[in-house]
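Working notes for the structure below.
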Amino acid sequence: RLGDPRPAVTRATTMVAQKATAAAKKASKRSHWKPPVKADTLVDAEHQAQLAKKGTRRKKESDEQKIAAQVAKALRDNFAGMSEDEQRVIRVDGRTLVEKLAEDRRSVFNKELGAPTFGKHHYADLRRKYTASASDLSALEPLDDGCPIDEKLVAAVHSSRSHGGNRQPLLEYMQLCATAPNQSEICGVFAHAWELKPHLGGSHFAVLLGMCTFVRKHELETKFPREVAVVLPCLDKALTAVYCTMKGKGYAPKSFWGAYSEKAQVVVAKEPVERLLAADGNWAGHEAVISAVVASSALGAKMFGFAEEWVTIHGVGHAINAKLKEVLDGQNLTTELIERCRTMMKQELDSKGPSAKAAYNKPRTAEVTYRDRAIKLEVQGVWAEFALKLDMHLKHIGMTTKMPDGKPYLESLFCEDELQPVGVETKGFTIEESLFKEYNSCRASANSQLSKSRQGVSERVLAFLDDNEEISCMVGPSFRVEAEWLRAMADCGCQSVLEEKIMKELPTPDALGDPRCVATVIERLKNGTIFMFASRDSQSTCNVVAEWAKAISSNRKPSFLCTKDRPFLQKVQGQMKYMLQFRLEGSETQAPKVLLAKAAAERIIARIQEQVDKQEPVSMSDLQVLDTFSWLPTKEQLTKHATWVKECFSAAAKPNASIRASSSSASGSATQSGKKKKAAEDLATTTMALFKKRRGAS
C-alpha cells in the first residue's frame, strides 16, 4: 500500500486478522448458527441436511416477520385515518393497500431494481390512490363554471391549504356564513376536506368537525345529497377519531354522544343510537337496530361493533338449534337426512357477510344440553359448534328411544342412568341403527375399562377420564360432553340432587313430617349411587343432616356447629324447627290446630308453667323436647327450663315426687298413651285370632 511503512507480510497478517474478527462477530450475531460437523455416517449426513434446510426456512420466516412488522408500523404511522375497507378490501391494480406495502417493502428488502423510496411523498401518493378509489370524487365537479364564488371562501380555503395551514379563516367562515353556499362553493370546500388528515388531529379535526356543523346548519344533505355523500367518509373518519380518542382517555360512549351528537347526526341517525345506549340486559331483540347503525358509518361500527359480534355469535347458536329442530324433528332419521342437514347449514353460513364469517371462525363457547344439564365447551368456530350440537341431538334421541328389543339405541355410559334417569319410549318414526355405531363403540370401549363396581365411584371414573378422554374423543369427538357432564355431576350435580331430595323430605308449614321418617329416607339415600358418586364434601353434608335427623328422632339435641359458611346446612337447620309440633284439640267453636316451631315451644313452656304453678306433675317428655329444640326458646325461657329440670330431678329422690316419666310427646301425653294402649289391644286380639284359625284348620 502506498504510504504504509509496514512490511507486506505484516500488512497481510493484519488484514487476515481483521477479516477473521469481522466473521466471528457476524457469526456471533446469529444465535442459531452452529459450526458444521463432519458426517461420519449416512444417518449423520441426512441429519446435517435437515438442519441446513431448517436454518434456511427460519431465515426466510424471519425476513417475512420483519416485513410484516414494517407494514404494521407504516399503517399505524401513515394510514391510521383510513378505514379497514380502504386498507384491506379496496384493490388498486389488483392489490390492497396492505398487499402493496408488503410488496414494496419486500422489493426494498431484496434490493430489487425499481424499488420505491419510502417517505412522505410515497405515502401521500398511496393515500390518494386508495382513498380516491373508495369514493367517487367526480361528484365534486362544479356543474356551472359561471356560478359566483365568494372570494372570502376562496381566500379561507387557500389559507388552509398553504404551507403551515392557517385554518382559522375557514373555520370562521363556516361559523358565520348566514346563507347556504352554492354547488360550486360546496365542491371546493368538500374537495379540500379530502386533503385533510383526521389522524393528525389539531386543526384538521377542527375543520372537519366544523364541516359537520356547516352541513347540518344549512341542511346540505337535502340540497346537495350527491356532494355530501362524497364528503361523508371524511367527516366519519374525524368523528370516529374523536370517539376513539375519548374512549382511550376513559370516557364512556354516552359522554361522547352527549358532546358530539349534533355533529354525529351527519353520519348516523340519532334515535337508534340513543336506543342502543339505553339498552340493558343483553342485546337480544336489538338485532335490526344494531345492524342498521353498524352498517351506516365507521362511527356506528366503532361504537356498536362489539354488539353486532355478540348478536352474531349468540344468534348463530339459536339458528343451529332451530335448523336441527326444523330438519330432524319428527322425521325418519337416515344417513341421507343427516347429510342434507349438514349441507343446508353450510349453505346458510356461507351466505353471511365477511364480518359475520370472520366472527364465525373465532373460538367460541358452545352450550349444549345433556341429561337436563347445560354443558359449556370451547369450540373452534361455528362449524365445530354445529357438529357438536348435531351429535348431541342424535344422542338425545338415541337414549330416549327404544329399539324393537326394548333397549335404547344409545348404550349407557357408566352409571349415568342411575345419576340422572331419562324416559325411554317408542317414537313414531324410524331410525337407522348405524347412526349410533360410532357413539356406541366409544361408550362400549369406555365401559370395558372399568368394572361395574367402580363405575359408580366418582374417583375411579374421573381418574379414567383424565387418562383416557383424549383417546375416547378420537373415536367420538363429542365424548367430551359426557366427560364434562360426569365431572359436573361429581363436583356439584350429585350434591344438587341430594340437597333437593333432602329438602323435599324435611317438614314445612304446609307439609308436616316425622323426624323418624326423615332419618329413614336420608339413610336410604346414603345407600344409593348418587351418594356414592358425589364428592366427599357432598357426602359429608348428607351425613351431617342424617345425624341431625337421628338426634331429633331420638330426643337428642343436634349439633349445629358445622353450619358456619355452609348455606345448605343453615337452610336445613331452619327447616328442622318445623319438626317440633304441638296439637291443640278442637272445640265446638274452634277447629283443631297444630302449632309449629317457636309457637309450639312457647305453648309447651306455658303448659309446664301452668303445671308448676298448680303444683301438678310435670311431663318428662315436655322437658325433654325443650332440650332437643333448645335453639328455639329465648335465653330467659331456657333459664326457666334449666330450673325446672333441676327441681324435677331433685324431687325425684323423694317418695312423694310430683313428677312422672312419660313416653308421651309434645303433642299431648294422653293422646299418645291412648293410641299405644289401643295398638297393644289390637295386637293381642289379632294374635288370638291366628291361634283360633289354626285350630279350626287342624
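The values are calculated or read from the model by the stated rules, or taken from the named source; none is laboratory data. Quantities reported herein were computed from a predicted structural model and do not represent experimental measurements. Backbone-built Cβ (ideal geometry, glycine too); neighbour counts: all protein chains shown. Note: areas computed on protein heavy atoms with side chains; ligands, DNA, RNA excluded. Shrake-Rupley method; radii C 1.70, N 1.55, O 1.52, S 1.80 Å.
Using every Cα-Cα pair within the range 462-603, state what percent have a distance larger than 27 Å.
Details: 3860 of 10011 pairs.
So the portion of pairs separated by more than 27 Å is 39 percent.
Expressed as a fraction of 2.2 N^0.38 Å, the rule-of-thumb size for a compact globular protein of N residues, what is the C-alpha radius of gyration of the range 200-279?
Values: Rg = 12.9 Å, N = 80, 2.2 N^0.38 = 11.6 Å.
Computed over Cα atoms of the range 200-279, the ratio equals 1.11.
Keeping all protein chains in the complex and leaving out DNA, RNA and ligands, what accessible area do you get for Thr529 with a 1.4 Å probe, in Å² to the nearest 10?
50 Å²
Distance check, please: which entries in Lys237/Lys263; Lys593/Lys640; Lys263/Lys302 exceed 18 angstrom between their Cα atoms? Walk me through the numbers on the way to the answer.
Numbers: Lys237/Lys263 13 Å; Lys593/Lys640 26 Å; Lys263/Lys302 16 Å.
Flagged as over cut-off: Lys593/Lys640.
Just the accessible area for Trp631, please: 1.4 Å probe, Å², rounded to the nearest 10?
My reading of the accessible area for Trp631 is about 70 Å².
What nm value, rounded to one decimal, do you get for the distance between Asp510 and Ser453 when each label is placed 7 Å out toward the C-beta?
Here the modelled spin labels are 4.5 nm apart.
Rounded to whole Å and ordered largest first, report the semi-axes of the equivalent ellipsoid of the range 78-200 derived from its Cα gyration tensor (root of 5λ). Display every interim value, and only then the final one.
On the way: eigenvalues 249, 53, 31 Å².
Listed largest to smallest, the semi-axes of the range 78-200 are 35, 16, 12 Å.
Give the shape of the range 155-198 as rounded, prolate or oblate, defined through the alpha-carbon gyration tensor: a ≥ b ≥ c are the square roots of its eigenvalues, a/c under 1.5 means rounded, and otherwise the shape is prolate if a/b is larger than b/c and oblate if not.
Oblate, because a/c is 1.5 or more while a/b does not exceed b/c.
How much solvent-accessible surface does Arg340 expose, in Å² to the nearest 10, with a 1.4 Å probe and all protein chains in place?
Arg340 exposes around 120 Å² with every protein chain in place.
Under a Cβ-Cβ cut-off of 12 Å, what is the net charge of the residues other than Ile552 that fall near it, where Lys and Arg count +1 and Asp and Glu count -1?
Values: positive: Arg516, Lys550, Arg556, Lys557, Lys577; negative: Asp514, Glu547, Asp627.
Residues close to Ile552 contribute a combined charge of +2.
With the cut-off at 1.5 for a/c, could you classify the range 280-408 from its C-alpha gyration tensor as rounded, prolate or oblate?
On the way: a/c = 2.78, a/b = 2.15, b/c = 1.29.
Prolate, because a/c is 1.5 or more and a/b exceeds b/c.
Subtracting the Cα-Cα distance from 0.36 nm times the residue separation, let me have the gained length for Thr529 to Met403 in nm, one decimal.
42.7 nm
Could you give the length gained by full extension between Ala252 and Arg106, i.e. 0.36 nm per residue of separation minus their alpha carbon distance, to one decimal place?
Values: separation 146, 0.36 × 146 = 52.56 nm, distance 4.18 nm.
Contour length minus the Cα-Cα distance gives 48.4 nm.
Skipping prolines and chain starts, which residues have an amide H placed within reach, meaning under 5 Å, of the one on Lys402, given they are 5 or more residues away or on another chain?
Glu425, Thr426, Lys427
Using the Cα gyration tensor of the range 382-524, with a ≥ b ≥ c the square roots of its eigenvalues, what is the shape: rounded (a/c below 1.5), prolate (a/b larger than b/c) or oblate (neither)?
On the way: a/c = 2.20, a/b = 1.62, b/c = 1.35.
Prolate is the answer for the range 382-524, as a/c is 1.5 or above and a/b outweighs b/c.
What are the chymotrypsin sites (Phe, Trp or Tyr not before Pro) within the range 524-600 that DSSP puts in a loop, where the Cβ has at most 15 other Cβ atoms within 10 Å?
Working: sites: Phe531, Phe533, Trp548, Phe560, Phe568, Tyr578, Phe582; in loops: Phe560.
Here the sparse-neighbourhood loop sites are Phe560.
Could you compute the FRET efficiency for Leu337 and Glu470, with r as their C-beta to C-beta distance and R0 at 30 Å, rounded to 0.05? Don't jump to the answer; show the numbers that get you there.
Details: r = 31 Å, r/R0 = 1.03.
Efficiency, from the Cβ-Cβ distance: 0.45.
Counting Lys +1, Arg +1, Asp -1, Glu -1, what net charge surrounds Pro509 among other residues with beta carbon under 13 Å of its beta carbon? Display every interim value, and only then the final one.
Values: positive: Lys577, Lys593, Lys598; negative: Asp510.
Net charge around Pro509: +2.
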